[in-house]
Ligand SMILES: *Cc1c(COP(=O)(O)O)cnc(C)c1O
């Protein structure tokens, strides 16, 4: 263990996996061992899918071995013209753009909105060309995209809409689950996500009839012993990980509550400090307590994001610069423009200002005192003089 924290405590990381009781897991593992049914759409993965369809209020919820493969399969399902353009956000994990590329499609990056940092509908509208076939929007940090505006643009131009909902498990707008919006949504059940199966993912859609196609895409296109009917991939979730999911799902509510309480504490520490923008409250939105992002404007706050990051790190608190660098900074996408309604895309300004604070139920009072000390100390001294 690192002891760079003055108190000699273990470092506090930005996320911590939600894990079930080991005894409960052992019981399910024994059942799996006894049945010898360890993968290939086994009873536990089917049970998990049913629970998730109910939980997220969608007719189709298909479990996958990870979110990236789920996104690959979701894009494949849409049968977009080869080489066509998919408008997406650069403020995301690299997998979003990679999934577009792996499907033989071209990612086109559009600017984001202030505050939520979700894709900006006006920028999307500007990015549409005759080659555009879809919009791949990201509910980043658990904030929700402008779903109505995006759907309007899509309807006008005959585009598909697909959501990277890796950060948005359980989110809803005016009581309507985001999992049923657009043509499909992808969820990640990676250990860092609020609901996790260690590694895992899912496609949800608003149409019951999509389940069969997704089933084939998930399983090499195999229909029966003699027929392969689609160009599928191996996206199956195994029974051990499905068991983790079955046991974790009932724990999500308490973890969400703990994180909501932590959010209120962070807000209390940070509100009123000049130059800090907190994650906005969106009207009618039940967000996911996935991340606690901050935007730090050094000119007004007095210290930069990188200075705060370093000071926290020196105190054993490991925040993350999500998402920095952004996708267009990565080698495969370098030189791809960010279509914007501004002279300089907001992404280019904000990427050096974003910071996610540790956000899970193990952040305690000592951690909060340390974090408050780092954020308030010099700023208050500066305001006082
Ligand atoms: C985690 C994540 C993914 C990838 O999911 P995996 O399950 O790790 O493959 C994709 N997009 C976003 C925004 C993510 O945070």
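Within segment 203-212, the residues that satisfy the criterion of being more than 16 Å from the ligand (Cβ to nearest atom) and in contact with a helix residue (DSSP H, G or I) (Cβ under 8 Å, 6 or more places away or on another chain) are 205, 206, 210. Of the residues making up segment 278-303, those that are under 22 Å from residue 367 (Cβ atoms) and touching a strand residue (DSSP E or B) at 6+ places or on another chain (Cβ under 8 Å) are 278, 279, 291, 292, 293, 294, 295, 296, 301, 303. If I filter segment 316-341 down to residues being modelled with pLDDT of 95 or more and out of contact with any strand residue (DSSP E or B) (no Cβ under 9 Å at 6 or more places or on another chain), which single residue comes out as nearest to residue 113 (Cα to Cα)? Among those residues, the one meeting the criterion is 341. Screening residue 306 against (1) in a helix (DSSP H, G or I); (2) in contact with a strand residue (DSSP E or B) (Cβ under 7 Å, 6 or more places away or on another chain) leaves a single unmet condition, (2). Return the residues of segment 262-275 that are out of contact with any strand residue (DSSP E or B) (no Cβ under 7 Å at 6 or more places or on another chain), surrounded by 12 or more Cβ atoms within 10 Å (Cβ to Cβ) and in a helix (DSSP H, G or I); say none if nothing qualifies. Answer for segment 262-275, where residues must be out of contact with any strand residue (DSSP E or B) (no Cβ under 7 Å at 6 or more places or on another chain), surrounded by 12 or more Cβ atoms within 10 Å (Cβ to Cβ) and in a helix (DSSP H, G or I): 262, 265, 269.
If the condition is being within 15 Å of the ligand (Cβ to nearest atom) and either assigned to a helix (DSSP H, G or I) or modelled with pLDDT under 95 (or both), then segment 49-69 contributes 52, 67, 68, 69.
Considering only segment 204-214, I want to know if a residue exists there that is under 29 Å from residue 22 (Cβ atoms) and not in a strand (DSSP E or B). No, segment 204-214 contains no residue that is under 29 Å from residue 22 (Cβ atoms) and not in a strand (DSSP E or B). Is at least one residue of segment 146-161 buried (at least 20 other Cβ atoms within 10 Å of the Cβ), under 19 Å from the mean Cα position of the chain (by Cα), over 12 Å from residue 67 (Cβ atoms) and in contact (Cβ under 8 Å) with a residue 60 or more places away in the chain? Among the residues of segment 146-161, not one is buried (at least 20 other Cβ atoms within 10 Å of the Cβ), under 19 Å from the mean Cα position of the chain (by Cα), over 12 Å from residue 67 (Cβ atoms) and in contact (Cβ under 8 Å) with a residue 60 or more places away in the chain, which makes the answer no.
Of everything in segment 70-94 that is touching a strand residue (DSSP E or B) at 6+ places or on another chain (Cβ under 8 Å) and assigned to a helix (DSSP H, G or I), the residue that is farthest from the ligand (Cβ to nearest atom) is 77.
Taken over segment 38-48, residues that are in contact with a strand residue (DSSP E or B) (Cβ under 6 Å, 6 or more places away or on another chain) and either surrounded by fewer than 20 Cβ atoms within 10 Å (Cβ to Cβ) or assigned to a loop (DSSP other than H, G, I, E, B) (or both) amount to 0.
May I ask you to verify whether residue 295 is farther than 19 Å from residue 142 by Cβ and touching a helix residue (DSSP H, G or I) at 6+ places or on another chain (Cβ under 9 Å)? Judged against the criteria, residue 295 is not a match.
The values are calculated or read from the model by the stated rules, or taken from the named source; none is laboratory data. Keep in mind the model is a prediction, meaning the values are calculated, not measured. Quick reminder, even Gly has a Cβ in these numbers, built from the backbone with ideal geometry, and neighbours come from all protein chains shown.
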